[in-house]
Amino acid sequence: MSSRTYYITTPIYYVNDVPHIGHAYTSLACDVLARFMRLDGRDVHFLTGTDEHGQKIEKAAAAAGMAPQAFTDKVSQSFRDLVVAMNYSPDNFIRTTEPRHYAACQALWEKLVAAGDIYLGKYAGWYSVRDETYFVEGETEVGPDNKRRAISTGAEVEWVEEPSYFFKLSAWADRLLTFYEKNPDFIGPESRRNEVISFVKGGLQDLSVSRTSFSWGVPVPGDSKHIMYVWLDALTNYITECGYPDTNNPLWKYWPADLHMVGKDIIRFHCVFWPAFLMAAGLALPKRVFAHGWWTNEGQKISKSLGNVIDPIELAKTYGLDPVRYFLLREVPFGNDGDFQRRALIGRLNGDLANAYGNLCQRVLSIVGKSCEGKVPAKGPLQAADNALLDRAHGLLAIVRMELDEQAFHRALAAIWEVIADANRYVDAQAPWALAKTDPARRDTVLWVLAETIRRVTLLVQPFMPDSTAKILDQLAVPTDSRTFAAFDRELRPGTTLPKPQGVFPRFVEAAKAEN
Ligand code: ME8
């Protein structure tokens, strides 16, 4: 039997700038879900990539004194480097400058034309190049510097007046509302769902979907003076990947996507425009779009002009990759905005990782190494306290599955760390070191229960911290083919020889600040 597919996508990132913590965060969330679903036996396709067309990129290339293609080749590579540096596991990296993507965009366009949803007109209104978004006058205001800006994003807008093709978005409002109503899980979290519904209820205007004042993009079929609106182009990447328009492509089985992960700023494009395009083209709609919040840096908005952009690669070098991956998903309830504070990162690193999880592994494995001849200890009859701990560790799989189904990474991790705390309390209560003389058989059972608990917990932590957990599972001699959730009940076998234990989560000691 073929396993159930799971198609998950990151937004494709604009190549006008190098990757920062925001990009790393969106991709990390997807990576954890992709890894979890693979371990859970799903047939996963995880897609990321870069958004390379439009006026913003054309301008950035000109500012760098480069031709757009050469410029996008260069910056796109830095997003590939981020994938490696952050240990993401995408199945493919798509670029909107690939020929197959032009073909998909043009095929979709033709479908929309055939459906009667595209007409030629003239756009006259405000446009923000930074946001690649059209604004009506009421959504903008003029600042003290006499410049007009979009109220919602703060980006400068310019007046645009040019021939343009329009998509009949206004005709889709009722069908969109019906769709949201019938599919309550389509948009998460709930607050974003409400935001989208009230936006659509407020009435939709037809959407300008082509531009004529620049050339860096996908030409409109049959009218190549027009370049497709970059958002129509960008959103199409999700089906380009599956082979569109060739629905016999083997990757077409992944459509519709199970989850488009996005930041809160781009929810409208994914929850209003994209479903309307797809409905008009007669294609299935994604099952869910989840919008996460934004990070600030020590209380300040992150921006290049403030010079406070956080480089995820630098963070990983300083604090270790897995601790950073853990922190980003543990610290802030996923979906909310969060403030990035180094103090909090160090606190989690030393508290949750070194003291709680690391110390549990370290003390259990070092006693086993010293007292049980470096073998998985013998398991005797279990007592109530043993069963209580093992049961809680066993129950975690269902809990983590449920939480990750709702993209509640923080709750999944909190549940796992509760069991780690239980296990540490159990070590103290059972005091295996004291049992060495009085009851060595009982000591062995206690150590077996602990090692087995660490195995269960560690299997579930794998998607979050792949390298560190691989080391812990190696130290427990768990065979690599026994690390999926299908092997969740495959208990540690007493007598198995274990390698010498080694600490996995060192404490982070801050270098003393130089006195001045
Ligand atoms: O929007 N905190 O690309 P992008 C958290 N090309 N997330 C942040 C953030 C922050 N401070 N800053 C940015 C685009 N992000 C389009 C997508 S998809 C068909 C096209 C997130 O490079 C932001 O919310 O501007 C978004 O999800 C992602 O980075 C990509 O932003």
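The values are calculated or read from the model by the stated rules, or taken from the named source; none is laboratory data. It should be emphasised that the depicted structure is a prediction, and the values quoted were computed from it without experimental measurement. So basically every Cβ, Gly included, is an ideal-geometry build from the backbone, and we count neighbours across all protein chains shown. Accessible surface areas use protein heavy atoms only, side chains included; no ligands, DNA or RNA. Shrake-Rupley method; radii C 1.70, N 1.55, O 1.52, S 1.80 Å.
Amide H contacts of T140: I151, each under 5 Å away and 5 or more positions distant or on a separate chain (H built 1.01 Å from N in the peptide plane; Pro and chain starts excluded). Using a simple spin-label model with pseudo-atoms 7 Å out from Cα toward Cβ, T247 and S152 lie 3.2 nm apart.
Per atom type, the stretch 342-515 shows carbon and sulfur on 54% of its accessible surface, probed at 1.4 Å.
Set the Förster distance to 45 Å, then compute FRET efficiency between V142 and R401 from the Cβ-Cβ distance, nearest 0.05. Display every interim value, and only then the final one.
Details: r = 51 Å, r/R0 = 1.14.
Efficiency for this residue pair is about 0.30.
V84 contributes about 120 Å² of solvent-accessible surface, heavy atoms of the protein only, 1.4 Å probe. Heavy atoms of the protein chains alone define the surface here; on that basis the chain has 42 Å² accessible area per residue at 1.4 Å probe size. Taking amide H as placed 1.01 Å from N in the peptide plane, the amide H of D339 sits under 5 Å from that of T296, each at least 5 places away or on another chain. For the pair R4 and E110, label points projected 7 Å from Cα toward Cβ lie 3.6 nm apart. Length available on full extension from R493 to E298: 0.36 nm per residue minus the Cα-Cα distance, which gives 65.4 nm. Take each peptide in 138-151, 355-368, 177-190, count the other Cβ atoms within 10 Å of every residue, and average; sorted highest first, the result is 355-368, 177-190, 138-151. Label positions at S89 and Q77, each projected 7 Å from the Cα along the C-beta direction, are separated by 2.8 nm.
Amide H contacts of D43: R4, T5, Y6, each under 5 Å away and 5 or more positions distant or on a separate chain (H built 1.01 Å from N in the peptide plane; Pro and chain starts excluded).
The distance separating the Cα centre of the stretch 88-164 from that of the stretch 368-415 comes to 50 Å. Our note on the geometry: Cα centres of the stretch 197-253 and the stretch 266-314, 17 Å apart. The Cα atoms of the stretch 362-516 cover 54, 48, 29 Å along the three principal axes, with the biggest extent listed first. Remark: the stretch 211-259 is approximated by an ellipsoid whose semi-axes, taken from the C-alpha gyration tensor as √(5λ), come to 27, 12, 6 Å, largest first. Measuring max minus min along each principal axis, the C-alpha atoms of the stretch 133-210 give extents of 46, 30, 17 Å (largest first).
Which translational diffusion coefficient, to the nearest whole µm²/s, is obtained for the chain from the Stokes-Einstein equation, given a Kirkwood hydrodynamic radius over C-alpha pairs, 25 °C and 0.890 mPa s? For the chosen part, D equals 97 µm²/s.
Using only the C-alpha atoms, the convex hull of the stretch 153-268 corresponds to 156 Å³ per residue. Two tests apply to each whole DSSP H helix in the chain, Cα reach of 24 Å or more along its axis and mean Kyte-Doolittle hydropathy of at least 1.6, and none passes both.
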